[in-house]
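K.L.:
My structure is below; once you've seen it, I'll send some questions.
Any read-out appearing in this document is the output of simple, stated calculations on the displayed coordinates, not a laboratory observation. Computed from a prediction, not measured in an experiment: that's the story for all the values here. Cβ placement follows ideal geometry from the backbone for every residue including glycine, while neighbour counts extend to all protein chains displayed.
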Amino acid sequence: MRSTSNAVEFDHVSKHYGAVLAVDDLSLSIEPGTTVALLGPNGAGKSTSINLLLGLLLPSSGAVRVHGGTPAEAVRAGQMGAMLQNGALIPELTVKELIDLVRRLYPDPLALDELLSLADLTELAGRRAGRLSGGQAQRVRFALAVAGAPRILLLDEPTAAMDVESRLRFWASMHDYAAGGRTVLFATHQMEEADEHSDRVIVIARGRLAADGTAAQIKADAGGQAVSFVLGEQPAAGLDRLPGVTAVEVAGGTATLHTSDPDATLDGLYRGTALDVRGLTLTGADLEAAFLQLTRESR
Amino acid sequence: MIHFARADIVRMLRNRRYLVFVVAFPVALYLINANIYGDETAGSGLGYNVILMVSMAAYGALASSMMSSAVPLATERQSGWLRQLQITPLPSWAVIVAKISTALALVLPSLLLVSVAAVVQQGVSLPPGRWVALLPAMWLGTVPFIALGLALGSALSADAAQPASMVCMFALAIAGGLWFPPEIFGATMKTVAELTPSFHYASLGWSLAGGHGVDAMDVLVVAGWAVVLGGAAAYLYRRATVRG
């Protein structure tokens with residue numbers, strides 16, 4: 001099973017803090033060039049996993065490998081870049097000075113101008129880091145993370161302090177960087193981010209692997225989609241026989257049809273019944289329901 | 001790494017608190033005191049304008065060593081900047097070497113400005129040989145204070161490091177006789193002074209400025225403190241940043 005071609009490998013990794021088990025027998029591997037979302041609720045072990053990957057923490061048991069070597073070796077070789085939570089800047093230095101300072105620590109960094117434009121900071125280059133807004137500071141931290149042109153980029157809840165526009169710009173920058181065949185792993189507790197910006201989603205809860213696959217697979221596996229409409233006084237009989245339906249709930253005059261195929265269910269609802277369908281809503285069409293179900297199951 | 005140390009220096013020079021307390025304050029204090037007592041001559045035959053020059057240069061160097069080490073290190077540790085550096089190829093020993101180099105470089109402005117003020121305003125004139133011995137001795141003699149600052153910065157939070165380094169700095173300045181001439185000390189105070197690195201550090205300066213050569217005891221005490229505090233700093237820094 002062991003393969004040195006993987007960018008990242010967790011081999012039965014556990015990490016305790018005293019009596020608290022933050023990561024519990026986690027095994028996974030990530031191929032080079034993929035963009036992976038590490039999805040989980042707060043306290044699921046996302047930050048611990050990232051710190052283990054960077055060698056900032058050592059596993060209590062098991063092994064973490066980065067391109068076949070130890071995390072410390074990968075860091076020393078300049079292969080890793082990361083945006084950690086609470087990574088501060090030096091307030092007295094300008095954006096340009098900070099980025100240049102960090103990129104010079106790497107053997108084969110990106111050019112300064114390239115970094116400034118990648119992180120959308122060209123206009124802020126001369127500003128002192130102490131005078132940046134939250135979103136601007138995050139962009140600087142992204143630039144610091146990619147300054148050394150790392151093969152593996154780790155982002156721990158990167159958009160936490162950003163407004164909507166900053167987020168859009170941020171993900172655009174991330175995709176630009178990932179497009180060069182680099183491996184990106186980002187932690188998030190927001191399903192839309194995982195859904196929209198990754199090739200693969202790894203769901204962890206309570207330090208354990210809860211699900212692993214593309215966003216579509218995870219949604220399908222959890223069967224988290226549902227069609228709801230106002231049923232009123234009409235009979236519910238026959239709804240469970242509509243195509244795709246796995247379960248029917250009727251409460252307060254509203255029918256909820258859990259389905260593995262909402263398109264087929266809707267088609268059946270309109271064409272195959274004489275019901276007057278009003279107030280139709282589709283829920284769980286994103287990862288949210290799947291995610292909640294997965295993290296609930298692992299408790 | 002040189003670039004890294006340089007950025008650290010640039011950053012401190014932009015810090016207003018550093019400039020006021022460490023660079024301007026000793027010079028101002030020297031000018032005030034020297035203009036009051038400067039014409040008098042001590043028992044050793046050395047003019048007070050020279051004695052005060054050494055005291056104030058020593059005070060400035062002491063303040064600078066501690067201010068440019070303790071609080072910045074504690075802040076960087078706490079804010080996550082050190083972690084950001086830990087995930088770059090920069091080896092962790094290089095961070096501490098850069099911190100020492102930065103602190104040493106930042107001692108120079110206070111040391112040199114007090115000397116320049118003494119020469120220009122007080123007409124202090126020493127043979128070139130004495131300057132050549134005095135300034136490097138006072139420069140390198142700051143190592144124990146830098147080590148103390150780094151030890152505090154490794155052990156304490158940024159909020160605690162600020163007052164702790166201030167207290168240590170004032171205690172060392174007063175006990176070492178940098179603010180009041182040690183001759184006026186009582187017996188107990190003299191015994192305390194004899195134990196401090198700051199007294200022996202200044203004493204080294206007074207001897208060299210007076211052309212009396214070097215007292216081996218001064219060198220031993222300063223070097224001894226440098227080893228002890230350096231060891232403490234290394235231990236505490238490792239404990240603060242080690243991967244566990």
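K.L.:
Over region A:1-84, what is the mean sequence separation of C-alpha contacts under 8 Å (at least six apart), divided by residue count, expressed as relative contact order in percent? The partial results should precede the final answer.
P.N.:
Working: 125 pairs, mean separation 29.0, N = 84.
Relative contact order for region A:1-84 comes out at 34 percent.
K.L.:
Can you find, among A:16, A:175, A:28, the residue farthest towards the positive end of the dipole of chain A? Put +1 on the C-beta of Lys and Arg, -1 on that of Asp and Glu.
P.N.:
Ranked along the dipole, the leading option is A:16.
K.L.:
A further question on this structure: Viscosity 0.692 mPa s, temperature 37 °C: what is the translational diffusion coefficient of region B:1-106 from Stokes-Einstein with a Kirkwood Rh over Cα pairs, rounded to a whole number of µm²/s? Numbers along the way, then the final one.
P.N.:
Values: Rh = 15.7 Å.
Diffusion coefficient, whole number: 210 µm²/s.
K.L.:
Among B:30, B:48, which comes first, second and so on when ranked by fewest other beta-carbon atoms within 10 Å?
P.N.:
Details: B:30 27, B:48 19.
Going from least to most buried by this count: B:48, B:30.
K.L.:
So what's region A:127-248 giving for Cα Rg divided by 2.2 N^0.38 Å, two decimals? Present the calculation step by step, with values, prior to reporting the outcome.
P.N.:
Details: Rg = 20.4 Å, N = 122, 2.2 N^0.38 = 13.7 Å.
With N residues counted in region A:127-248, Rg over 2.2 N^0.38 Å equals 1.50.
K.L.:
List B:79, B:55 from most exposed to least, where exposure is judged by having the fewest other Cβ atoms within 10 Å. Numbers along the way, then the final one.
P.N.:
Numbers: B:79 17, B:55 27.
Fewest to most other Cβ atoms nearby, the residues stand as B:79, B:55.
K.L.:
In straight Cα distance, which lysines are under 21 Å from residue A:219, not counting same-chain residues fewer than 8 positions off?
P.N.:
The reachable lysines, counting only those whose Cα sits under 21 Å from residue A:219, are A:46.
K.L.:
Could you work out [θ]222 nm for the protein assembly as shown from helices alone, using -39500 (n - 2.57) per DSSP H run of at least four and dividing by all its residues? Round to the nearest 500 deg cm²/dmol. Display every interim value, and only then the final one.
P.N.:
Numbers: 22 runs with 279 residues, N = 543.
Roughly -16000 deg cm²/dmol at 222 nm, from the helical runs in the protein assembly as shown.
K.L.:
Roughly how many debye, to the nearest 20, is the charge dipole of the protein assembly as shown about its Cα centre, given +1 on each Lys and Arg Cβ, -1 on each Asp and Glu Cβ, and no other charges?
P.N.:
Working: 39 positive and 45 negative charges, 299 e Å.
Dipole of the protein assembly as shown, to the nearest 20 debye: 1440 debye.
K.L.:
Related question: What are the principal axis extents of the Cα atoms in region A:225-283, in Å, biggest first?
P.N.:
Sorted from largest, the Cα extents of region A:225-283 read 26, 21, 18 Å.
K.L.:
I need the fraction of alpha carbon pairs in region A:1-107 separated by more than 19 Å, rounded to a whole percent. Mind showing how you got there, number by number?
P.N.:
On the way: 2922 of 5671 pairs.
Beyond 19 Å sits 52 percent of the P(r) for region A:1-107.
K.L.:
Taking a ≥ b ≥ c as the square roots of the eigenvalues of the Cα gyration tensor of the protein assembly as shown, is the shape rounded (a/c under 1.5), prolate (a/b larger than b/c) or oblate? Don't skip to the end; give the middle numbers.
P.N.:
Working: a/c = 3.18, a/b = 3.01, b/c = 1.06.
In terms of gyration-tensor shape, prolate.
K.L.:
Over region B:156-221, what portion of Cα pair distances is larger than 19 Å, expressed as a whole percent? Please report the intermediate quantities before stating the final value.
P.N.:
Details: 851 of 2145 pairs.
So the portion of pairs separated by more than 19 Å is 40 percent.
K.L.:
Okay, next question. Find the all-direction average of the projected area of the Cα convex hull for region A:8-219, expressing the result in square nanometres with one decimal place. Don't skip to the answer; put the middle values down first.
P.N.:
Details: hull surface 44.6 nm².
The number I arrive at for region A:8-219 is 11.1 nm².
K.L.:
Quote the charge dipole size of region B:1-117 about the Cα centre in Debye, to the nearest 20; the model charges only the Cβ of Lys and Arg (+1) and of Asp and Glu (-1). Please list the in-between numbers first.
P.N.:
Working: 8 positive and 4 negative charges, 127 e Å.
For region B:1-117, the charge dipole is close to 600 debye.
K.L.:
About the Cα centre of chain A, how large is the charge dipole given +1 on each Lys and Arg Cβ and -1 on each Asp and Glu Cβ? Please answer in debye to the nearest 20. Working shown, then result.
P.N.:
Details: 26 positive and 36 negative charges, 187 e Å.
My answer is approximately 900 debye.
K.L.:
Shifting gears a bit: For chain B, what class follows from the C-alpha gyration tensor (a ≥ b ≥ c being the square roots of its eigenvalues): rounded when a/c is under 1.5, otherwise prolate if a/b is larger than b/c, else oblate? Walk me through the numbers before you get to the answer.
P.N.:
On the way: a/c = 2.07, a/b = 1.75, b/c = 1.18.
Prolate, since a/c reaches 1.5 and a/b exceeds b/c.
K.L.:
Taking 0.36 nm per residue of sequence separation and subtracting the Cα-Cα distance, how much length would be gained by fully extending the chain between residue B:14 and residue B:227, in nm to one decimal? Could you put the intermediate results ahead of the total?
P.N.:
Working: separation 213, 0.36 × 213 = 76.68 nm, distance 3.12 nm.
Difference between extended and current length: 73.6 nm.
K.L.:
Output the relative contact order of region A:225-283, whole-number percent, from Cα pairs under 8 angstrom with separation of 6+ residues.
P.N.:
Numbers: 105 pairs, mean separation 27.8, N = 59.
Relative contact order of region A:225-283: 47 percent.
K.L.:
Which whole-number percent gives the relative contact order of chain A, counting Cα pairs below 8 Å spaced six or more residues apart?
P.N.:
Working: 606 pairs, mean separation 59.3, N = 299.
It comes to 20 percent, rounded to a whole number.
K.L.:
With the cut-off at 31 Å, tell me which of the pairs A:96/B:99; A:15/A:96; A:15/B:99 have Cα atoms farther apart than that. Please report the intermediate quantities before stating the final value.
P.N.:
Numbers: A:96/B:99 21 Å; A:15/A:96 38 Å; A:15/B:99 33 Å.
Violating the 31 Å Cα-Cα cut-off are A:15/A:96; A:15/B:99.
K.L.:
Moving to a separate point now. Arrange A:67, B:212 by Cβ neighbour counts within 10 Å, fewest through most, would you? Please list the in-between numbers first.
P.N.:
On the way: A:67 19, B:212 11.
Neighbour counts put them in this order, fewest first: B:212, A:67.
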